[in-house]
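Everything on this sheet refers to the single structure shown next.
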Amino acid sequence: MPDPLLAHPGPVQTWERQPSSLLARHEQGLTQIDAVAPDILRVRFCPSGEPRPRRGWDPTLELPATELGVSGDDDALHLFVDRLVARLDCANGTLAFAIPDGNEFAEDLAPPGWRAVTLGETALGQTPDTELPPGPARIGLFLSKRMSPDERYFGLGQRPGRLDRRHRRFTNWTVDISSPGHCRGDDNMYQAHPVFLAVRPRLAWGLFLNSPWYSTFDVGASDPNALTLFTLGGELDYYLFAGPTPAAVVDQLTRVTGRPALPPLWALGYHQSRWSYASDAEVHAIAQTFRERDIPLDAIHLDIDYMDGYRVFTWDPQRFPAPTETVAALHARGVRAVTIVDPGVKKDLTSGYRVAEDGLREMHFIREPQGEPFSGWVWPGESLFPDFCRTDTRRWWGDQHAALLDAGVDGIWCDMNEPAIVDRAFGAPGEQARPIPLAARHGDAGEAQQAETHNLYGTLMARAAAEGFARQRPDRRPWVLTRSGFLGVQRWAASWMGDNRSCWEDLETSLPQLASMGLCGSVHVGVDIGGFYGDCFAELFARWMEVGTFYPFMRNHTQCGSRPQEPWAFGPQIEALTRAAIRLRYRLLPYLYTLAHLAHHRGEPLLRPLLYDFPDAADLHQIEDQLMVGPQLMIAPIYRPGVRRRLVELPPATWYDFRTGMRIAEQDAMIAAAPLGALPVFVRGGAILTLGNVRRSTIEPLTELTIEAYPDPDAAGEWTLIEDDGEGLDYRNGGLAERHFEIASLRSGATLTIAARAGGYRPPPRRLTVRVHLPDEPADLRLDGHAHIAWRWSATDQAAEITFDDDGDTHRIEIIP
Ligand code: GLC
């Protein structure tokens, strides 16, 4: 039903072409279209006629200008960049897009519309405000696009609903949704990702609504044929990505919002956490137990109890009397320390707490619209909240991390940064959320209101931490973990999905959730393995660890008071399975770390839905319980009790069973056995997997590298392993080791070529084992043209195998049938 109250722009009256933009003035308002890149257009519609100025904290990057082609006739303006064309209807201002071959998409069903909105029309009713603040916050913009019947919609961030977002309505407003037993629908969460990918046969495109304001996407919920965008803020601003594949859309999105930071290698290892390891002694006992039980471990997280009365940037003098020694002792065991930091600063002006005193004096805290510092309650009691939109506040906050970094801390965990605030002491009767007033002013000159900046709070806190880290340790990569975020947060932080529950449903949910995050550019993601709320139990824990092995970020974490959740907490059988799962993680690290480099270069997610690698297999696009881990591996997790086998759809490719090494007969689907501890994992034909030796932590050198080649009988395969020093910044200046592998498959033999190592980084000396999986035992194997006595045939997993010292040179392995 058209909304009779909506104002519309009316006909285009004049237009002007600038080198990379078109400005079309309507009877009311302005349409501005910018050529962002040969495959990206940005569309703004401003009822006021004036686009709003770029903010200092804008989540987008400014890309070098691209020329925009424009031609006009009486009816329409036609816009061109290399890979995208648009048509602006001069009579009413509607837009339609197409790729140059004429395939149309993202067509407006009606011109953009706007009208005054009230708080009651939004889901912001829980704020203390009774009305939206005057100004742009009260002007809502609406735009509906045609939904093609054969199109599916993906993305929209961490919401735990279905991978395919059609038929739902989504709110983009960051909230602490933590609540035990909370039944999660599809709606808003800790993070806001107003972006979707539309995928139809032979075409994928994407749309990012560049609005940090409260916004909603109605993806065919009210009208099955209409995808309606709504945003507060007085302006419509979106980026249109031309695809034509899902991978291309993710690349386009992350060119605009930034590529994911490259984490240090240790961050891809196993992390152990709980709320809280509450003393130096307990932390050491945990680290020691990992070593005694021979379970790899790279990081321990210190939750809020390391602080002195929850005062951020302090250490409890009784429980952590010598933080530098605590951290040094962890380092001596090869374990990194990660400390939690919350944004709420205890309003303590009597005990010499400098963070509160300096912050108040230097005006770093958010103020009420009337000018008083805003306060609310969190862990430390009444607290003040930094205005991270201010440049000097981000710097000041970043500098506070010296209290942690000087003690040797390796990573910063930003929590409660939606921000989560209540109106009285935690747990006191009648406790309610106490959000920051929507009219509170933010920014260097107080130029924006909370209504505009709310969604960015988590991102800007993470950014302040990462930038502080980079200033204080200029030779090391920062590592920051955040709960809240907006599109672009991946430039500064990894994310976990907040407080899940120790139940099967939340294990299952993690799959589409993390896959959707990856499509939005946040690739270093995980959920609390074992579940946060409630007590985990043996079978669930074992299954969760199996899956967690493949989460880009692998951390076991749980709430205070829950039953122990360390790998040995469920008895020897589960401990053995968990040890094996974590060891597999460490074997996979050379592959996963290469994927982290690829993500950093081109936004490619580590964990992704099938549609990413198989865009033409439309019948597989709604599958959310099978995911790809990079282009070479597919996992088919078990997420229900008692299940010991499952159906696995086999996307069009040659597949191998990772555990048996056997090639799977060509078929569309199969039943995979999955006893406890054995998650079904498949390797795509043509893959060259690089596996390392198991280490106690990444601090130990990689002394063995195994190249597992899985020939595709119909095609050659290749892979480039990327390594570096794991922690520094030399990789930016050529300090990489790149090793290219190619597998050419003959009728029943194969040739594997290992190119000479390229780049300025030299890995420590190591043995190289090459294993080529083949259907039959070959007659011979030649290394660099010579018969080699030391090769062997492994009948158990059908692989011809040879080991030699890696000199970094070119080698050629021929397998003679
Ligand atoms: C929040 C976090 C959780 C943490 C707890 C205590 O609930 O999401 O991970 O353990 O606060 O800091």
Practice item. Being closer than 26 Å to Asp348 by Cβ, among the β-branched types (Val, Ile, Thr) and either open to solvent by 10 Å² or more (accessible area, probe 1.4 Å) or within 11 Å of the ligand (Cβ to nearest atom) (or both) is the filter here, so list the residues in the stretch 266-313 that pass it. Key: Ile304
Exercise for review: Report, by residue number, each residue of the stretch 565-577 that is of a type outside the set (A, V, I, L, M, F, W, C), assigned to a loop (DSSP other than H, G, I, E, B) and in contact with a Phe, Trp or Tyr (Cβ under 9 Å, 6 or more places away or on another chain).
Suggested key: Gln565, Glu566, Pro567
Check your understanding: What is the one condition in (1) within 16 Å of the ligand (Cβ to nearest atom); (2) among the small types (Gly, Ala, Ser); (3) outside any strand (DSSP E or B) that Gly352 does not satisfy?
Key -> (1)
Exercise for review: Inspect all residues belonging to the stretch 722-739 and state whether any of them is among the basic types (Lys, Arg) and either touching a residue at least 60 places away in the same chain (Cβ under 8 Å) or crowded, with 22+ Cβ neighbours inside 10 Å (or both).
Suggested key: yes
Review point. What number goes with the only condition from (1) charged (D, E, K, R); (2) within 31 Å of the chain's Cα centre (by Cα); (3) open to solvent by less than 30 Å² (accessible area, probe 1.4 Å); (4) within 16 Å of the ligand (Cβ to nearest atom) that Asp316 does not pass?
Key: (2)
Review point. Given the residues Gly381, Gly376, Gly398, which is the only one that is within 23 Å of Pro133 (Cβ to Cβ) and open to solvent by less than 70 Å² (accessible area, probe 1.4 Å)?
Key: Gly376
Review point. Tally time: how many residues in the stretch 625-641 are in a loop (DSSP other than H, G, I, E, B) and surrounded by 21 or more Cβ atoms within 10 Å (Cβ to Cβ)?
Key: 5
Practice item. Check Tyr533, Tyr591, Tyr586 and return the single one that is among the hydroxyl-bearing types (Ser, Thr, Tyr), under 26 Å from Asp251 (Cα atoms) and either away from the ligand (no atom under 16 Å from the Cβ) or open to solvent by 10 Å² or more (accessible area, probe 1.4 Å) (or both). Key: Tyr591
Point to revise | Selection within the stretch 518-530 - part of a loop (DSSP other than H, G, I, E, B) and either within 15 Å of the ligand (Cβ to nearest atom) or of a type in the set (Ser, Thr, Tyr) (or both) | key: Ser522, Val527, Asp528, Gly530
Check your understanding: Got a sec? Which of Glu431, Glu418, Glu452 is over 26 Å from the mean Cα position of the chain (by Cα), charged (D, E, K, R) and either under 20 Å from Gly485 (Cα atoms) or at pLDDT below 95 (or both)?
Key -> Glu431
Check your understanding: Looking only at residues in the stretch 740-765 that are without any contact (Cβ under 8 Å) to a residue 40 or more places away in the chain and not in a strand (DSSP E or B), which one is surrounded by the most Cβ atoms within 10 Å (Cβ to Cβ)?
Key -> Tyr761
Point to revise | Residues of the stretch 440-454 satisfying the condition of being touching a Phe, Trp or Tyr at 6+ places or on another chain (Cβ under 7 Å) and farther than 18 Å from Asn172 by Cβ | key: Ala440
Review point. Taking the stretch 460-517, which residues are within 30 Å of Pro564 (Cα to Cα), among the aromatic types (Phe, Trp, Tyr), more than 14 Å from the ligand (Cβ to nearest atom) and touching a Leu at 6+ places or on another chain (Cβ under 9 Å)?
Key: Trp504
Review point. In the stretch 91-133, what residues are at positive phi and loosely packed, with under 13 Cβ neighbours inside 10 Å?
Key: Gly102
Point to revise | Restricting the stretch 406-444 to residues that are in a strand (DSSP E or B) and either free of Cβ contacts under 8 Å to residues at least 60 places away in the same chain or in contact with an Asp or Glu (Cβ under 6 Å, 6 or more places away or on another chain) (or both), the residue that is surrounded by the fewest Cβ atoms within 10 Å (Cβ to Cβ) | key: Val422
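Quick grid of which residues meet (1) touching a residue at least 60 places away in the same chain (Cβ under 8 Å); (2) under 27 Å from Leu79 (Cβ atoms):
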residue: Tyr190; (1), (2): yes, no
residue: Phe196; (1), (2): no, yes
residue: Pro212; (1), (2): yes, yes
residue: Pro246; (1), (2): yes, yes
residue: Thr257; (1), (2): yes, yes
residue: Leu262; (1), (2): yes, no
residue: Leu268; (1), (2): yes, no
residue: Gln272; (1), (2): yes, no
residue: Trp275; (1), (2): yes, no
Check your understanding: Just a yes or no: is a residue in the stretch 69-89 under 27 Å from Glu452 (Cα atoms) and open to solvent by less than 20 Å² (accessible area, probe 1.4 Å)?
Key -> no
Exercise for review: Could you tell me which numbered condition Ala328 fails, if it satisfies all but one of (1) surrounded by fewer than 21 Cβ atoms within 10 Å (Cβ to Cβ); (2) within 26 Å of Glu700 (Cα to Cα); (3) touching a strand residue (DSSP E or B) at 6+ places or on another chain (Cβ under 6 Å)?
Suggested key: (3)
Review point. Looking at this structure, is Arg695 open to solvent by less than 20 Å² (accessible area, probe 1.4 Å), in contact with a Lys or Arg (Cβ under 6 Å, 6 or more places away or on another chain) and among the basic types (Lys, Arg)?
Key: no
Review point. How many residues does the stretch 200-209 hold that are open to solvent by less than 10 Å² (accessible area, probe 1.4 Å) and farther than 19 Å from Thr122 by Cβ?
Key: 6
Exercise for review: Give just the number: which of (1) more than 27 Å from the chain's Cα centre (by Cα); (2) away from the ligand (no atom under 16 Å from the Cβ); (3) at negative phi; (4) touching a residue at least 60 places away in the same chain (Cβ under 8 Å) does Glu325 not satisfy?
Suggested key: (4)
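The values are calculated or read from the model by the stated rules, or taken from the named source; none is laboratory data. From a predicted model like this one, the values you see are computed outputs, not experimental measurements. Don't worry about glycine lacking a Cβ; one is built from the backbone with ideal geometry, like all the others, and counts go over all protein chains shown. The accessibility values were calculated without ligands, DNA or RNA, using every heavy atom of the protein model including side chains. Shrake-Rupley method; radii C 1.70, N 1.55, O 1.52, S 1.80 Å.
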